[in-house]
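Undergrad: One structure, pasted below without further comment.
Readers should treat all values here as calculations from the given coordinates under stated rules, not as data from a laboratory. Just so we're clear, the structure is a prediction, and the values are computed from it rather than from any experiment. Methodologically, a virtual Cβ is constructed for each residue, glycine included, from the backbone with ideal geometry; neighbour enumeration extends over all protein chains shown.
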Amino acid sequence: MTIQSLLPDTMQDHFKLYMTLMFNQRQTGIKRKQLEMMAVTVSALNKCNYCVAHHSVPLGMLLKNEKLLAALQNYDINILEDMLSPRDFALIRLAEKITRRPYDSSEEDINNLRECGFNDEQILHVVLVINYFNFVNRNVLALGVELEPDYQKACK
C-alpha cells in the first residue's frame with residue numbers, strides 16, 4: 001500500500017478492494033485458504049517474491065503442510081495434483097492459465113469450475129482474485145518494491 005501513498009484515493013480504493021476480495025468470504029464462501037493459494041500461485045508464476053513471501057505466511061498457517069506450501073511457491077504441478085483436492089486443483093490450474101495465457105481462457109474453464117461445484121458468484125470471486133494478484137504483482141515488480149528486512153528474517 002505504501003507505493004500508492006502518493007495517490008491517497010487509489011490507495012484507499014485498493015485497500016477496500018483487497019479487504020473485500022480476501023477477507024469477506026461470506027459473500028461467496030470461497031475459503032481463505034483457497035484465496036491465499038491463488039495469491040501465492042499467481043505471485044510465484046509472476047516471480048513476485050514480495051507477494052509470495054507476504055502471502056506464504058498466512059497460507060502456511062492455514063495449510064500446516066510445508067511440502068504443499070513449497071509446491072505452491074514453486075508451482076510444482078505434479079505435487080499439486082497429487083496433494084490438492086480436485087476442487088482446489090481446478091483453482092490453481094485456472095490461476096496458472098489466466099496468469100500465463102489469459103487469451104486462452106474459455107467457457108470450458110468456467111464449466112470446469114462448475115463441474116467442481118463452484119457457482120457463478122464463486123467463479124467471479126475466483127477470477128477477480130486471480131486478476132487482482134496479477135495487477136498487484138505487476139505494480140510491485142514495475143516499481144521495484146523490495147521485501148522489508150525484518151520480513152526477510154521472519155520468512156527464512
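Undergrad: Kindly check whether there is at least one residue in segment 1-16 that is under 15 Å from the mean Cα position of the chain (by Cα) and over 13 Å from residue 126 (Cα atoms). Write out each step before concluding.
TA: Step one: list which residues in segment 1-16 are under 15 Å from the mean Cα position of the chain (by Cα), which gives none.
No, segment 1-16 contains no residue that is under 15 Å from the mean Cα position of the chain (by Cα) and over 13 Å from residue 126 (Cα atoms).
Undergrad: With among the hydroxyl-bearing types (Ser, Thr, Tyr) and more than 22 Å from residue 94 (Cα to Cα) as the only criterion, which of 20, 2 stands out? So that I can check it myself, show each step before the final result.
TA: Working: 20 fails: more than 22 Å from residue 94 (Cα to Cα).
That would be 2, the only listed residue that is among the hydroxyl-bearing types (Ser, Thr, Tyr) and more than 22 Å from residue 94 (Cα to Cα).
Residue-wise test of (1) among the charged types (D, E, K, R); (2) without any contact (Cβ under 8 Å) to a residue 60 or more places away in the chain; (3) touching a strand residue (DSSP E or B) at 6+ places or on another chain (Cβ under 8 Å).
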| position | (1), (2), (3) |
| --- | --- |
| 52 | no, yes, no |
| 63 | no, yes, no |
| 78 | no, yes, no |
| 89 | no, yes, no |
| 98 | no, yes, no |
| 109 | yes, yes, no |
| 128 | no, no, no |
| 139 | no, no, no |
| 145 | no, no, no |
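Undergrad: Would you say residue 113 is at negative phi, surrounded by 18 or more Cβ atoms within 10 Å (Cβ to Cβ) and either touching a residue at least 24 places away in the same chain (Cβ under 8 Å) or not polar (S, T, N, Q) (or both)?
TA: Details: at negative phi: yes; surrounded by 18 or more Cβ atoms within 10 Å (Cβ to Cβ): yes; either touching a residue at least 24 places away in the same chain (Cβ under 8 Å) or not polar (S, T, N, Q) (or both): yes.
Taking the combined requirement at face value, the residue satisfies it.
Undergrad: Filter segment 3-37 down to residues that are in contact (Cβ under 8 Å) with a residue 12 or more places away in the chain, hydroxyl-bearing (Ser, Thr, Tyr) and in a helix (DSSP H, G or I), then give me how many there are.
TA: The number of residues fulfilling the criteria is 1.
To keep it simple, each residue is scored yes or no on (1) over 20 Å from residue 137 (Cβ atoms); (2) of a type in the set (Phe, Trp, Tyr); (3) buried (at least 18 other Cβ atoms within 10 Å of the Cβ).
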{"position": "39", "(1), (2), (3)": "no, no, yes"}
{"position": "46", "(1), (2), (3)": "no, no, yes"}
{"position": "54", "(1), (2), (3)": "no, no, yes"}
{"position": "62", "(1), (2), (3)": "yes, no, no"}
{"position": "67", "(1), (2), (3)": "yes, no, no"}
{"position": "80", "(1), (2), (3)": "no, no, yes"}
{"position": "84", "(1), (2), (3)": "yes, no, yes"}
{"position": "90", "(1), (2), (3)": "yes, no, yes"}
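Undergrad: Further question on the same structure: Residues that are under 16 Å from the mean Cα position of the chain (by Cα) and more than 20 Å from residue 31 (Cβ to Cβ), at least 3 per element: which helices (runs of 4 or more DSSP H) completely within segment 66-156 meet that? Please lay out each step first, then the result.
TA: On the way: elements: 66-73, 77-83, 86-100, 107-115, 120-142, 149-155.
Those helices (runs of 4 or more DSSP H) span 86-100, 120-142.
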